[in-house]
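In what follows, a structure is listed as C-alpha cells, so that the remarks can point back to it.
The values are calculated or read from the model by the stated rules, or taken from the named source; none is laboratory data. Just so we're clear, the structure is a prediction, and the values are computed from it rather than from any experiment. We place every Cβ from the backbone using ideal geometry, glycine too, and count neighbours over all the protein chains shown. SASA here: full protein model, heavy atoms, side chains in, ligands and nucleic acids out. Shrake-Rupley method; radii C 1.70, N 1.55, O 1.52, S 1.80 Å.
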There are 2 protein chains.
Amino acid sequence: MSKGAEEIAKAAKSAFEASQLVSSQERSDVLLAVKAELSRQKELILEANKKDMEAAQAQVAAGSLSASLVKRLDLSSGDKWDSMLQGVVDVSKLPDPLGRVTYSIALDDGLELYRVTCPIGVLLIIFEARPEVVINIASLAIKSGNAAILKGGKESLHSTTALANCVRTALSQSRLPDDYIQVVQTREEISQLLEQDKYIDLVIPRGSNALVSHIQHSTRIPVMGHADGLCTVFLDESADPTKATRVVVDSKINYPAACNSAEILVIHSSVLDTVWPKVAEALVSAKVELRCDERTLAAIPSSVSHSGLVKSASPSDFATEFLSLIMAVKAVDTFEEAVAFINAHSSHHTDSIVTESTPNASSFCRSVDSAGTFVNASTRFADGLRYGFGTEVGISTGRTHARGPVGLEGLTIYKYMLKSGGEGGHIVGEFGTGSGKKSYKHEAIVGRLPF
Amino acid sequence: MSKGAEEIAKAAKSAFEASQLVSSQERSDVLLAVKAELSRQKELILEANKKDMEAAQAQVAAGSLSASLVKRLDLSSGDKWDSMLQGVVDVSKLPDPLGRVTYSIALDDGLELYRVTCPIGVLLIIFEARPEVVINIASLAIKSGNAAILKGGKESLHSTTALANCVRTALSQSRLPDDYIQVVQTREEISQLLEQDKYIDLVIPRGSNALVSHIQHSTRIPVMGHADGLCTVFLDESADPTKATRVVVDSKINYPAACNSAEILVIHSSVLDTVWPKVAEALVSAKVELRCDERTLAAIPSSVSHSGLVKSASPSDFATEFLSLIMAVKAVDTFEEAVAFINAHSSHHTDSIVTESTPNASSFCRSVDSAGTFVNASTRFADGLRYGFGTEVGISTGRTHARGPVGLEGLTIYKYMLKSGGEGGHIVGEFGTGSGKKSYKHEAIVGRLPF
C-alpha cells in the first residue's frame, strides 16, 4: 500500500512546517542517532544489500545490466560503509547554515529589519543505483533544515529500504516528524513527483547526465545540478611550458570520469611550436588520445604523432563530454578568439587559462562566463570539499540561486524579519514626504537577532 | 522585418558575453546618457505616447479596454516623466553590485579562491501597459551587468519604441553592444521567447497576477516574481489594542491594491471581546468591508455590524486577493492554530503578528514560512525601497535565489575565480592522503581580488 505522489509531497511539506522550531543541536543529535542506528542494524542492511546485489548480478549475467552498476550497489566494497558513517558525523559537525543574519538595518527608531538564513523547504532528490546516497542526502537535509523526498533506482530497493528504516527510527526518537525524510519505493513514476510544485521547492538529481537532463526538461520546480561537464584549458601566448604541461595533464587524467575534468584544450597559435609539443608529449605519455584540428595536428612532433594516439578532430569532438582519456585540441589566433570559443563550447562549468600575463588572467576570469574561471590551476579543483565547504551537495551550472560547487549554503535561502519595539507598533502611513511625516532612517545595526 | 525569438535571444547572449569587461563607471555613464537622450527626445516620445493613448481611448469608447489602462499608458500624467528620469539617475548612483568578494580562502600557499559577484546573463522582462517600465528595467539591467530583452504590451507600441530608441542611442555611444537592451515589438508570441532557455537565464514578469501566473506555468527558465499577495495579520493573545488597530488598519487601507496589503485577519479567541471590537470599529470607519467567520461576527458590537459593511465569510474569502477594501476575518483558539492557518492560506509573501510576547514573536517569525515575518508592524513595509535597497526589481515569493523584495543584488549571482601564483601552477594530483601528498590549507584570506 504505497502513498501517491501528491500525498508524499504534502506530507513532506507538513513535516517541514512542523520542524521550524527544532534547534541546531537537536538536528545534530538526530544525525548521531542515524549513525548509531546504522551501526546497530549493520547486519540487516548488508543482508538487504546482498539481495539487491544478487538480483543485479543475475541481470548482468543476462546482459540486461552493466557490471559497473553492481559495484556501485555494493555497500561493503572497500571503505564504503565506514565512509558513509563518517560522512554523517562530518556533516553533524559543520557550522549551522541557518539563522545567520546577512543584512540588518534600522528603518526607524525601534523598527529593525533582519535578513536571516533559513531552509528552502522540501527537496526532491532523485538518484540512481548508489544506495549510500540515501544517508548522505538525509544528513544534508536534516542539517540544513529541509525536508526531503528521496527517490532511488529500483535496483537498490532493499538496500535503500533498510537504510531508510534507520533514518526513520532516528527521526522517531526526535522532535523532527517521521515524514521529514521519506525514501519512496513507490510505483509512481518520477514524472508524478515532478508535478508536485505546490509542495516541492527544489529538485536535485544525482546521477548520469541523461538523468539530470531528463529531469531539467520535465519539471517547473527549480532544478539544481549540471547535465554536462565540458571543461577547457587555454594555453595563452605567455603560457609557461611547465605549468601548461602540469595543468593540462592533471585536468585530463587525474580522474577522467569526473565532470570537472578537461575535455578541450585551446592553444594560442604563437605557442604551437614551443609549448604545445611538450604538452602533447606528456598527454600521449599518459595514454591520452588527442583529437586535433589541422594546425595543432601539424605542430605535433613526429615522435608523438606515431604513437597511434593522435587523430584529426571532427567538429563534434568539441561538443563531447568524453569522460575518458580523450582530449579535443584547437588552435586560435587571439586571446579574444579563445574566450569566444570557450563561451560557445564549454558547458560553463570550469575553465582554466595558463598564462604569465596578469591582464590576460584578469580578462579571462571576467570574460569567460563559467562557474569557475581558473588561472594556472587544474580544472579538477572545482569541488565543494576542495573549496572548503566541508561537504558537496553537487555542482551547479545554473545561473540563479547557486553556481559551481554547492555546499550546505546552497540548501538555504533567507527570510526577512521585521520587529517594531515602538509605542503603538509601526505603520507605513506615518512615513512619506508630507508635513509631519517621517523619513526612513536606513541605519546599519549590529547583526544579531534580538529575539 | 522583425527578428525571430531565437535570433533576439541569441543576440542578447552575444551582447552579454561581449560586455564583461565594461566597467562600473562606464555603466553609470551609459545611464546618464540615457537620461540626457530622454530629455533631448522628450517631445518625440510624448507624441508617440499620444498615439498610443488615442488608440487606447478609442478602444475604451468601444468597450474593449479598461479606462485604468489609459491612465497607466500616460507618460505625462502627474510627475511620471520626471520620476522616470530621476529613477535613472538614482539607479546610476547605487553601489555597484558586481565584483564583490563574498568568500575567499587559500587552498594552499599561492592558491587563492575568490567567490565574486557577477551578472546572471540575459533577462527577459515581460510587462503590460506601463511604458516607463522600459526605462526602469533598462537602468537596472545596465547597472547590474545583465543584457535584457523587454517585451511590452501592444497598447504601448509607439511609446516603448520611442523610449527604446533613446536607450539604443545611449548604448551606441558606449562600449556596451547595441543589442544589450532589446525592446521587442515582435509579432512572435511570448511563448516563443519563453522557449529560449538556451540563451535566456531569468524571466521577470511585471504586471497582473494573471500574467505572472501564466508565465510561471509556461517556461523552464527560472521566473522571479509573485503571482499572489495574500498577506495576513494575526492578533495574538497578548496583542496591544492600539498596536492591533494601527497595524491592521494600515496593512489594509494604506494602499489596498498593493501586493503587500493584508487580506486576512486572524484573531486569537481570547481577545475576541477585548481587542477585536476596537479593530473592527476602526476598519469599518475606514470603509473596510469585513467578511467574518461565525465567532468574529458574533463578537462585533451592534453599532459596527449595522454599518452594512459586515458580512459572513465564505471559505473562498480566505483564499482571495481582494486588492480592495475587503478583509476576511477568522478566530483561532491557539497560537499553533494561527500559524498552521497562515501557512495554509497565506501566499508566503508577508505576514505580521501583533503581540507583547517575545517568545511568541520569535516563534511566529520562525514558524510562519513566508518571505517576510513581522512583529507589530504593518505588512506594507515589505518593499525594496523601504528595506533600504535603493530600488526594487520586484517581490519574489519563490524559495530559491531571491526571496521577498528584490534589489539589484537579486539580479546578480557569483563565479569562483581560482588563481595559482605557485611555481609550476597547481594540480590536484599533489594533494591527498598518500606519502608526499599535500593537504588543503583552507585558510581565510583578506577578501580583495589580487587581479
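Just to verify a number: FRET efficiency for A:D90 and B:E321, C-beta to C-beta distance, R0 = 51 Å, to 0.05?
0.65
Phi angles of segment B:69-75 translate, via the Karplus equation with coefficients 6.51, -1.76, 1.60 and θ = phi - 60°, into HN-Hα couplings of 5, 4, 5, 5, 6, 5, 7 Hz per residue; Gly and Pro are given as x. Pairwise Cα distances in the protein assembly as shown exceed 44 Å in 36 percent of cases. In whole percents, the pair-distance distribution calculated for segment A:231-388 from its alpha-carbon pairs, binned every 5 Å from zero, is 2, 11, 22, 26, 23, 13, 4, 1, 0. For the protein assembly as shown, the dipole from Cβ point charges (+1 on Lys and Arg, -1 on Asp and Glu) about the Cα centre works out to 180 debye, to the nearest 20. A compact globular protein would have a Cα radius of gyration near 2.2 N^0.38 Å; the ratio found for segment B:109-159 is 1.69. Shielding by partners for peptide B:111-117, expressed as the average number of C-beta atoms from other protein chains within 10 Å of each residue's C-beta, is 3.
Compactness of segment B:114-239 was expressed as the Cα radius of gyration divided by 2.2 N^0.38 Å, which yields 1.23.
Each 5 Å bin from 0 upward holds the following percent of the Cα-Cα pairs of segment A:65-151: 3, 12, 16, 16, 15, 11, 8, 6, 4, 4, 2, 2, 1, 0. To the nearest 10, the accessible area of B:M53 is 30 Å² with a 1.4 Å probe.
Extending 7 Å from Cα along the Cβ direction at A:S23 and again at A:F451 yields two label points whose distance is 2.0 nm. Between B:K50 and B:E336, the C-beta separation translates, for a Förster distance of 45 Å, into a calculated FRET efficiency of about 0.20. What is the spin-label model distance, in nm, from B:V101 to A:Q173 if the labels are put 7 Å beyond Cα along the C-beta direction? Rounded to a tenth, the inter-label distance reads 4.5 nm. I'd like to know which of B:I300, B:L31, B:A138 lies farthest towards the positive end of the charge dipole of chain B, counting +1 on Cβ of Lys and Arg and -1 on Cβ of Asp and Glu. The listed residue farthest towards the positive side: B:L31. Applying Stokes-Einstein at 4 °C and 1.567 mPa s to the Kirkwood radius of chain B, computed over alpha-carbon pairs, gives a translational diffusion coefficient of 52 µm² s⁻¹. With distances taken between every two different alpha-carbon atoms, segment B:59-109 has a Kirkwood hydrodynamic radius of 15.6 Å. Put a dot 7 Å past the Cα of B:A298, heading toward its Cβ, do the same for A:S213, and the two dots end up 6.4 nm apart. Taking amide hydrogens as placed 1.01 Å from N in the peptide plane, the amide H of A:I267 sits under 5 Å from those of A:L235, A:K330, A:A331, A:V332, each at least 5 positions away in sequence or on another chain. List residues of segment A:150-176, by number, whose backbone nitrogen lies under 18 Å from a label position 7 Å along Cα→C-beta of A:S76. What the label zone holds, given the 18 Å backbone N cut-off, is A:156-163. Heavy-atom accessible area for A:D197, with the other protein chains in place and a 1.4 Å probe, reaches approximately 60 Å². Each distinct pair of alpha carbons in segment B:398-451 adds a 1/r term; the inverse of their mean, the Kirkwood radius, is 15.4 Å. Among the residues of B:20-31, the average count of other protein chain beta-carbon atoms within 10 Å of the residue beta-carbon is 1. Considering every alpha-carbon pair of segment B:5-216, the percent of pairs per 10 Å bin, from zero through the bin containing the longest distance, is 8, 32, 34, 18, 6, 2, 1, 0. Here the scattering of segment B:308-409 is modelled by Debye summation over its C-alpha atoms, one equal scatterer each and no solvent; at q = 0.12, 0.18, 0.21 Å⁻¹ the log10 of I(q)/I(0) is -0.47, -0.99, -1.22.
Helix A:275-285 and the longest principal axis of the Cα set of chain A meet at an angle near 80°. Suppose the Debye formula is applied to equal point scatterers at every Cα of segment B:349-451; what is log10 I(q)/I(0) at q = 0.18, 0.20, 0.25 Å⁻¹? Values returned for q = 0.18, 0.20, 0.25 Å⁻¹ are -0.92, -1.05, -1.31.
Value of Rg to Rh for segment A:224-291, rounded to two decimals, is 1.00; Kirkwood radius and Rg both from alpha-carbon coordinates. Rounded to the nearest 10 degrees, the angle from helix B:241-253 to the longest Cα principal axis of chain B is 60 degrees.
When peptides A:3-14, A:36-47 are sorted by average Cβ neighbour count within 10 Å, with the highest value leading, the order is A:3-14, A:36-47.
In this structure, the amide hydrogen of A:I181, modeled 1.01 Å from its nitrogen in the peptide plane, lies closer than 5 angstrom to those of A:A148, counting only residues at least 5 positions away or on a different chain. The three principal axes of the C-alpha atoms in segment B:187-307 carry coordinate ranges of 60, 28, 25 Å, sorted with the longest axis first. A:Y114 exposes around 10 Å² of accessible area when a 1.4 Å probe is run over every protein chain in place.
Remark: segment B:392-436 carries a charge dipole of roughly 200 debye about the Cα centre, counting +1 on each Lys and Arg Cβ and -1 on each Asp and Glu Cβ. Shielding of peptide A:424-437 by partners, expressed as the average count of other chain Cβ atoms within 10 Å per residue Cβ, is 6. Here the dipole of segment B:5-216 is about 480 debye; that uses its Cα centre as origin and unit charges on the Cβ of Lys and Arg (positive) and Asp and Glu (negative).
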